[in-house]
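S.K.: One structure is given below, represented as structure tokens, and several questions about it will come after.
The values are calculated or read from the model by the stated rules, or taken from the named source; none is laboratory data. Computed from a predicted structure; not experimentally measured. Positions of Cβ are backbone-derived with ideal geometry, glycine not excepted, and every protein chain shown enters the neighbour counts. The accessibility values were calculated without ligands, DNA or RNA, using every heavy atom of the protein model including side chains. Shrake-Rupley method; radii C 1.70, N 1.55, O 1.52, S 1.80 Å.
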Amino acid sequence: MSYPEVRPRRLRRSPAVRRLVEETRVAPAELVLPMFVREGLAEPRPIASMPGVVQHSRESLRKAAAEAVHAGIGGIMLFGVPTAKDETGSGGIDPDGILNVAIRDVIAEVGDATVVMSDLCLDEFTSHGHCGLLAPDGTVDNDATLAAYAEMGVAQAEAGAHMVGPSGMMDGQVGVVRRALDAAGHADTAILAYAVKYSSSFYGPFREAVESSLQGDRRTYQQDPANLRESLREVRLDVAEGADLVMVKPALPYLDVLSAVRAEVDVPVAAYQISGEYSMVEAAAANGWIDRDRAVLETLTSIRRAGAQIILTYWAVDAARMLRDRY
Ligand code: PBG
């Protein structure tokens, strides 16, 4: 009988040993909670396809933001859902539009205790659900959209956002927003660029969350899931245009992309664990098919291990609680 000379199991035999040799840890301070605020709501309204996530009223948003700070998470990413949408998404630029009002509310509530970020995109505000302005032939007009993003970014910075997140995948969006912020006296407002954004089926539940009326898809501006090298080009461009951080989205199906992006640039890299990633785990757990809490921590650990320093996740507050119990 011969015995193995090397026994990796020695380092797995007790919780104490496993904790000692653990290579990757997720800290609450690296988690960012995306939050939805819906104009005109008196009470928060559940989002059926995202069990546990709600569209907030202005009041409930303030309260939940304070709780998120208390949980020790690193940031909040705000999305606004207006009552009325129009062709140009004017509610996103209007200083009294729901997102800009909500930024002010949250800043008044939490100040600098966490990083307040805002999604900078028109799709929540347009009647057609596209991320930009439409040309007469129905295609999304890149350069006309850039002008709208510049105004929207300035409106968000004036409302007090610490970081704006251009997410519409228009060419040149980071540079245009950077210049507009600087010209308006907001040189200190940072840009979290959704640099790599794939045209993904996993955005499904988000459409309900923001009441999107999108017909068709976003393939003329979001990336083809088949492409990796294209993502490196996207991040290099965004960094050159002034991105302070870059993000990869979705997260779990794109861990190889995350890892390659991490190696390519030296700015902090974030990943967005999106609505469909959340809902898949919640649905399987509700059926008793997987252990929810273990699955949540496993996905977050894997995203972290692949190279994300910051993770946007609808589980941010919950995960912070689980992590506290763990260490
Ligand atoms: C654009 C935006 C989207 C998401 C975040 N920002 C939708 C899209 O681009 O199709 C999706 C987030 C999620 O699915 O959780 N405003």
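S.K.: Somewhere in the stretch 9-25, is a residue within 18 Å of the chain's Cα centre (by Cα) and touching a residue at least 24 places away in the same chain (Cβ under 8 Å)?
M.R.: No: the stretch 9-25 contains no residue that is within 18 Å of the chain's Cα centre (by Cα) and touching a residue at least 24 places away in the same chain (Cβ under 8 Å).
S.K.: Run down GLU59, GLU23 and say which single residue is open to solvent by 20 Å² or more (accessible area, probe 1.4 Å) and either closer than 21 Å to GLU298 by Cβ or assigned to a loop (DSSP other than H, G, I, E, B) (or both). Steps first, please.
M.R.: Numbers: GLU59 fails: either closer than 21 Å to GLU298 by Cβ or assigned to a loop (DSSP other than H, G, I, E, B) (or both).
Answer to the selection: GLU23.
S.K.: Continuing with the same structure: Got at least one residue in the stretch 78-92 being open to solvent by less than 10 Å² (accessible area, probe 1.4 Å), of a type in the set (A, V, I, L, M) and out of contact with any Lys or Arg (no Cβ under 6 Å at 6 or more places or on another chain)? Talk me through it step by step, then tell me what you get.
M.R.: Here is the first cut: in the stretch 78-92, the residues open to solvent by less than 10 Å² (accessible area, probe 1.4 Å) are 78-82, 89, 92.
If we keep only those that are of a type in the set (A, V, I, L, M) as well, we get 78, 81.
Now drop any that are not out of contact with any Lys or Arg (no Cβ under 6 Å at 6 or more places or on another chain), which leaves 78.
Within the stretch 78-92, one or more residues are open to solvent by less than 10 Å² (accessible area, probe 1.4 Å), of a type in the set (A, V, I, L, M) and out of contact with any Lys or Arg (no Cβ under 6 Å at 6 or more places or on another chain).
S.K.: Among the residues that make up the stretch 65-72, is at least one of them open to solvent by less than 30 Å² (accessible area, probe 1.4 Å) and within 16 Å of the ligand (Cβ to nearest atom)? Before you say what the answer is, go through the steps one by one.
M.R.: If we filter the stretch 65-72 for residues that are open to solvent by less than 30 Å² (accessible area, probe 1.4 Å), which is where we start, we get 65, 68, 71.
From what's left, within 16 Å of the ligand (Cβ to nearest atom): none.
No - not one qualifying residue is present in the stretch 65-72.
S.K.: Quick check on my filter: what residues within the stretch 106-152 are among the acidic types (Asp, Glu) and farther than 24 Å from ILE311 by Cα?
M.R.: First, pick out the residues of the stretch 106-152 that are among the acidic types (Asp, Glu): 109, 112, 119, 123-124, 137, 141, 143, 151.
Residues satisfying the conditions are ASP137, ASP141, ASP143, GLU151.
S.K.: Still on this structure, please answer the following. Got at least one residue in the stretch 257-280 being touching a residue at least 60 places away in the same chain (Cβ under 8 Å) and touching a Lys or Arg at 6+ places or on another chain (Cβ under 7 Å)?
M.R.: Yes, there is a match, as at least one residue in the stretch 257-280 is touching a residue at least 60 places away in the same chain (Cβ under 8 Å) and touching a Lys or Arg at 6+ places or on another chain (Cβ under 7 Å).
S.K.: Out of VAL101, VAL174, VAL116, VAL106, report the one residue that is at pLDDT 95 or above, surrounded by fewer than 24 Cβ atoms within 10 Å (Cβ to Cβ) and of a type in the set (A, V, I, L, M).
M.R.: None of the other options fit; the residue is VAL101.
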